[in-house]
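Undergrad: A single structure is presented below for examination.
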Amino acid sequence: MAKPMRKIATLSQLFPPPQQGTYEYFEGALSHPFDPNSTHLSAVNAWWMAELSLLAYSERHDMEQILYEHFPASRLAFFWLESNKTNTQGFGIETDDYIVIAFPLCVRIPFTAVET
């Protein structure tokens, strides 16, 4: 059974990162494992990449905690990527089998109310 859509109470809930306690990263991951050996388009791997990109909006300590709790790898190493010049952040994950580099899906532009 599909989960009902969550209700959006404020505009700030539309922008990542999700407010703490409102989103479960990698929910259902055990049923849909990442396949590092896939050579074709994979909906499951695309979902993993989308989750990682969403997680890239988080602060470094939050990202590391979430990955340690949910990412299925026996050996996991992280590296944080950040540029103040371009206002870009991301992270990398290294396992025994693969490396993943994740960046946010888009640049967050501060919302400013305009008086009319």
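The values are calculated or read from the model by the stated rules, or taken from the named source; none is laboratory data. Owing to the predicted nature of the structure, the values given are computational and were not obtained by experimental measurement. Positions of Cβ are backbone-derived with ideal geometry, glycine not excepted, and every protein chain shown enters the neighbour counts. These accessible areas exclude ligands, DNA and RNA; they are computed on the full protein's heavy atoms, side chains included. Shrake-Rupley method; radii C 1.70, N 1.55, O 1.52, S 1.80 Å.
Undergrad: If I ask for residues that are on the phi > 0 side of the Ramachandran plot and at pLDDT 75 or above, which ones from segment 1-28 would you list?
TA: F26, G28
Undergrad: When you scan segment 43-116 for strands (runs of 3 or more DSSP E) that lie fully inside it, which ones turn up with 1 or more residues that are of a type in the set (G, A, S), under 21 Å from L30 (Cβ atoms) and modelled with pLDDT of 85 or more? Give the steps one after another, and end with the answer.
TA: Working: elements: 77-83, 88-94, 99-102.
The qualifying strands (runs of 3 or more DSSP E) are 99-102.
Undergrad: Residue check: is L81 under 18 Å from P104 (Cβ atoms), in contact with a Ser or Thr (Cβ under 9 Å, 6 or more places away or on another chain) and surrounded by 12 or more Cβ atoms within 10 Å (Cβ to Cβ)? First the steps, then the outcome.
TA: Values: under 18 Å from P104 (Cβ atoms): yes; in contact with a Ser or Thr (Cβ under 9 Å, 6 or more places away or on another chain): yes; surrounded by 12 or more Cβ atoms within 10 Å (Cβ to Cβ): yes.
In short, yes.
Undergrad: Then there is this: Which ones in segment 70-87 are hydroxyl-bearing (S, T, Y) and over 21 Å from P36 (Cα atoms)?
TA: Here is the first cut: in segment 70-87, the residues hydroxyl-bearing (S, T, Y) are 74, 83, 86.
Scanning segment 70-87 gives S83, T86.
Undergrad: How about segment 90-105: which of its residues are open to solvent by 30 Å² or more (accessible area, probe 1.4 Å) and within 12 Å of the chain's Cα centre (by Cα)? Spell out the reasoning first.
TA: Keep residues of segment 90-105 that are open to solvent by 30 Å² or more (accessible area, probe 1.4 Å), which gives 94, 96-99, 101, 103-105.
Answer for segment 90-105, where residues must be open to solvent by 30 Å² or more (accessible area, probe 1.4 Å) and within 12 Å of the chain's Cα centre (by Cα): I101, F103, P104, L105.
Undergrad: Given S38, S31, which one is in contact with a helix residue (DSSP H, G or I) (Cβ under 8 Å, 6 or more places away or on another chain), at pLDDT 85 or above, among the hydroxyl-bearing types (S, T, Y) and open to solvent by 40 Å² or more (accessible area, probe 1.4 Å)?
TA: On the way: S31 fails: in contact with a helix residue (DSSP H, G or I) (Cβ under 8 Å, 6 or more places away or on another chain).
Just one listed residue meets the conditions, S38.
Undergrad: Residue by residue through segment 41-78, note down the ones that are open to solvent by 60 Å² or more (accessible area, probe 1.4 Å) and within 13 Å of V100 (Cβ to Cβ).
TA: Those that are open to solvent by 60 Å² or more (accessible area, probe 1.4 Å) and within 13 Å of V100 (Cβ to Cβ): M49, P72.
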